[in-house]
Amino acid sequence: MNWNVYMYILVMAGVTYLIRMLPLVLFKKEITSPFLKSFLYYVPYACLAAMTFPAILTAPSSGMIAGAAGLAAALIAAYREKSLLTVALFACGAVFVVERVMEIIG
Amino acid sequence: MEQKINKQQFMRGLHDGVPIALGYFAVSFTFGMMAVSGGLSVWQATLISLTNLTSAGQFAGLDIMIACGSLWEMALTQLIINLRYSLMSFSLSQKLERNLAPWHRFAVAFGMTDEIFGVSASQPGRLNPFYNYGAMSVAVPGWTFGTLAGAIAGNIMPGFLASALSVAIYGMFLAVIIPPAKKHRAVQKVVVGAMAVSTLFACTPVLNKVSSGFVIIITTLAVAGMAAYFCPIEDGEEEDA
């Protein structure tokens, strides 16, 4: 399994670098296709949203209630445009508090 | 003379890179913890951060490693998740100073992250690559040593803390996508649509057998593709999002 980890890392790093490097080195003209520009513009939002939900619900080891609390706290903080770190800490704090409460009542 | 300007630009980038590095440290700390709890060694986790320098891609890649996915799945997932960097590289390739030695473009590319792109794109006039090198000189160690610290701490991390920190990365993703979703209806539809599609994959029999990497790829292609078709962005709109 160990050699396999390094193969994974090589593929990850190689693909990621090529994506960053090729447009800088090869293309000096601007993208003009409105579809392609729009697609690239929407990609990060679609991708991050798909990664976040529903995965956030099942991330805490105690299950969905803590996950939902973390989601709610993160949504509120993000809606108020807090920094990345602040939003993350709110989410973690909510999970922590809910899990402690569940321990006490459960 | 030119050397002096390059040095000034380097210092300026270094200065702007410090808050980026601090933010990176916290995120990549989480990555290091998750990587060792998924079975990777401290060294492997640190090597991933040093060579990849990207948050979403690394977390998705880690999932694939833990699930023993194929190398194709790994390559495709990285391609889809990190595709946005090509747009940033396109953009900076217009902005970089003319007549640079070719190696500068190869070096700037390595540090093309959301945050470094953000600060360098906001520099007035043409971009001096030494500005990027300054930012990278603190951001890359911040990212790498964050993972190292998290990987070391992960081995001794109590369960309750690990459980709370497991949502940190999702909190950061929400902090990236929610503010633009407030301002742009199309982005809002993309966010809600992508969450709905990935939920469909998680809850539907048969579909829930599809690995998480491919769910992200399929969801992203479908939702971003539909949005680009039905709600193409106007010129200049991407700057204020």
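The values are calculated or read from the model by the stated rules, or taken from the named source; none is laboratory data. Computed from a predicted structure; not experimentally measured. No Cβ is skipped: glycine too gets one built from the backbone with ideal geometry, and neighbour counts run over all protein chains shown.
Things to note:
- Residue match in region B:28-47 (condition: crowded, with 21+ Cβ neighbours inside 10 Å and closer than 24 Å to A:Tyr41 by Cβ): no
- Any hit, region B:63-81, residues being closer than 27 Å to B:Gln123 by Cα, more than 7 Å from chain A (Cβ to nearest Cβ) and surrounded by fewer than 18 Cβ atoms within 10 Å (Cβ to Cβ): no
- Qualifying residue in region B:202-209 (condition: of a type in the set (Ser, Thr, Tyr) and outside the structural domain of B:Gln44 (by TED's automatic domain parsing)): yes
- For region A:42-86, the set of residues classified as farther than 18 Å from B:Ser55 by Cβ and within 13 Å of the chain's Cα centre (by Cα) consists of A:Pro54, A:Leu71, listed by residue number.
- Picking from residues in region B:196-221 that are touching a residue at least 24 places away in the same chain (Cβ under 8 Å) and at the interface with chain A (Cβ under 8 Å from one of its Cβ atoms), the one that is surrounded by the most Cβ atoms within 10 Å (Cβ to Cβ) is B:Thr220.
- Residue among A:Phe35, A:Phe96, A:Phe39, A:Phe27 that is aromatic (Phe, Trp, Tyr), crowded, with 23+ Cβ neighbours inside 10 Å and more than 15 Å from the chain's Cα centre (by Cα): A:Phe39
- Set B:Ser166, B:Ser137: member being surrounded by 15 or more Cβ atoms within 10 Å (Cβ to Cβ) and more than 28 Å from B:Lys95 (Cα to Cα): B:Ser166
- Hits in region B:149-180 - residues which are closer than 15 Å to B:Ser28 by Cβ, small (Gly, Ala, Ser) and more than 7 Å from chain A (Cβ to nearest Cβ): B:Ala149, B:Gly150, B:Ala151, B:Ala153, B:Gly154
- Residue within region B:181-189 that is in contact with a Lys or Arg (Cβ under 9 Å, 6 or more places away or on another chain), more than 7 Å from every other protein chain (Cβ to nearest Cβ) and either of a type in the set (Val, Ile, Thr) or surrounded by fewer than 21 Cβ atoms within 10 Å (Cβ to Cβ) (or both) present: yes
- Single residue of region B:36-62 satisfying the filter (more than 8 Å from chain A (Cβ to nearest Cβ) and closer than 20 Å to B:Phe214 by Cα) that is modelled with the highest pLDDT: B:Leu62
- Residues of region A:49-74 satisfying the condition of being surrounded by 18 or more Cβ atoms within 10 Å (Cβ to Cβ) and touching a Leu at 6+ places or on another chain (Cβ under 8 Å): A:Thr52, A:Phe53, A:Ile56, A:Leu57, A:Gly67, A:Leu71, A:Ala74
- Helices (runs of 4 or more DSSP H) enclosed by region B:97-195 - at least 2 residues per element that are touching a residue at least 12 places away in the same chain (Cβ under 8 Å) and under 21 Å from the mean Cα position of the chain (by Cα): B:103-110, B:114-121, B:129-154, B:168-183
- Filter result for B:Asp240 (more than 26 Å from B:Met65 (Cα to Cα), more than 9 Å from chain A (Cβ to nearest Cβ) and modelled with pLDDT under 95): yes
- Some residue of region A:8-21 being assigned to a helix (DSSP H, G or I), surrounded by 24 or more Cβ atoms within 10 Å (Cβ to Cβ) and charged (D, E, K, R): yes
- Qualifying residue in region B:12-26 (condition: in contact (Cβ under 8 Å) with a residue 24 or more places away in the chain, charged (D, E, K, R) and over 20 Å from B:Val108 (Cα atoms)): no
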